[in-house]
Structures are given as structure tokens and as C-alpha cells.
Amino acid sequence: MRSPLETKSQDYEIILEVLSGNRNAYAEIVRRYEEQVRRYCVTLLSDPASGEDAAQEVFIKAYQALGKFRGNSSFSTWLYRIAANHCTDAIRKRARRKEESWEKLLEDQGDKIERLFTVSTNETLDREQSELVEKLFSQLPEKSREVLTLRELQGLSYQEIADALQCTLDAVKARLKRARQELELKLRHFLTSNDV
């Protein structure tokens, strides 16, 4: 497994290669980050098809702006910033479509949600559990969904989140606390009714 410094150095070397005319080298960047960016976009947009499309567009935007990358942060942080901005724009542009209601989600997925809270923190979520977490997050406001996704699903550090969202560490901590409280509040009724 590569260390963050090795990854940052290798990413920067690939970027320099792309900028010097080897466009094919960009495929390595896409290969390295496509799954994380796709999952991030799917979660933010609450729709697999829109998330897939958004991820592709994020890589196109990143390619077009590659000359602006200065290496002050890791490439992945820069890429998440592009993805966050792109998804925010997509959310604002699309018409409000009817989302699955919270009650319907709890009714249909209640047992699975309950099992999700018994998963050990050392266990990796399977695809079905990850999709359920994404659905739970989709019920939250955009800013809460964004910060929780970066921290809980993507595993970014507080500093990486601050860099990606272009805010302070204190703002990240406050947003995470608020997002967790919002999720807990939504789940409280479900969890207490199942304890009876």
C-alpha cells in the first residue's frame, strides 16, 4: 500500500506527464480515483445514474483544469473539490424530483438499517450496506450529506475535508457534528421504536 506522500508524488508525476503532452497518462489518474469519485457523486446526488454521469463529467473538468493544479494539496483533495462543486451545481439545476420519503425508507429497509448499526467499525460494509448508507445520507440536507460522505464513506481526514470544501477545520468539525445530529435525530424514532 502506498503512503500518502508516495501517492501525492506519483500523482504529480503523472500530471506533469499529461501536461507535457501524454494525454494517455490521464487514464492512470482516472483508474486510481474513479471508484471514490463515483461513490461520492452517487451519494451527493442520491441517484446512481446521475452520480455515474457526474463522475465522468468531474474527470473531464479535472482534465481541462489540470494546468491549474498547483500541488498545494493532494490531487484527490483537489478532485473532491471539483466533484463537490459539480454536484452542488447539478443539485441546483435539476428540478426537485420526488424523493423516497424517510418513512417509506424506514418501512422498506428497517431491518437492514437496524443491522447496519450492529456492524463493527472494523468491518467493511458490503455493497448493499453501502447503498443503504447512501440512501440514509440522501435524506439529509446537501451540506450535511456532503461532509458525512467525505468523512464516513470516503474516509478523508478533517484537513482533507477542509481542503476539499474550502473551509476551516473548525467549520468541518461543526458541520460534521451538526450532520451527525441531524442523522441521529432522524433515526431516533426508528431506533427507540425497535428497542421496545
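Conditions tested, residue by residue: (1) assigned to a helix (DSSP H, G or I); (2) acidic (Asp, Glu); (3) modelled with pLDDT of 60 or more; (4) touching a Ser or Thr at 6+ places or on another chain (Cβ under 6 Å).
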position: ARG96; (1), (2), (3), (4): no, no, no, no
position: ASP108; (1), (2), (3), (4): yes, yes, yes, no
position: PHE137; (1), (2), (3), (4): yes, no, yes, yes
position: VAL172; (1), (2), (3), (4): yes, no, yes, no
position: GLN181; (1), (2), (3), (4): yes, no, yes, no
position: THR192; (1), (2), (3), (4): yes, no, no, no
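For region 134-157, taking the residues that are within 20 Å of TYR33 (Cβ to Cβ) and surrounded by fewer than 19 Cβ atoms within 10 Å (Cβ to Cβ), the one that is farthest from the chain's Cα centre (by Cα) is identified as SER157. Every listed requirement among (1) modelled with pLDDT of 75 or more; (2) touching a Phe, Trp or Tyr at 6+ places or on another chain (Cβ under 7 Å); (3) farther than 22 Å from GLU34 by Cα; (4) not basic (Lys, Arg) is met by PHE69 save one, (3). Annotation note: of ARG31, ARG38, the sole residue that is exposed (fewer than 14 other Cβ atoms within 10 Å of the Cβ) and under 17 Å from THR77 (Cα atoms) is ARG31.
Quick one: is SER50 more than 21 Å from LEU156 (Cβ to Cβ) and loosely packed, with under 15 Cβ neighbours inside 10 Å?
Numbers: more than 21 Å from LEU156 (Cβ to Cβ): yes; loosely packed, with under 15 Cβ neighbours inside 10 Å: no.
It is false that SER50 is more than 21 Å from LEU156 (Cβ to Cβ) and loosely packed, with under 15 Cβ neighbours inside 10 Å.
The values are calculated or read from the model by the stated rules, or taken from the named source; none is laboratory data. The shown structure was predicted, so the numbers you read here are calculated from the model rather than taken from an experiment. We place every Cβ from the backbone using ideal geometry, glycine too, and count neighbours over all the protein chains shown.
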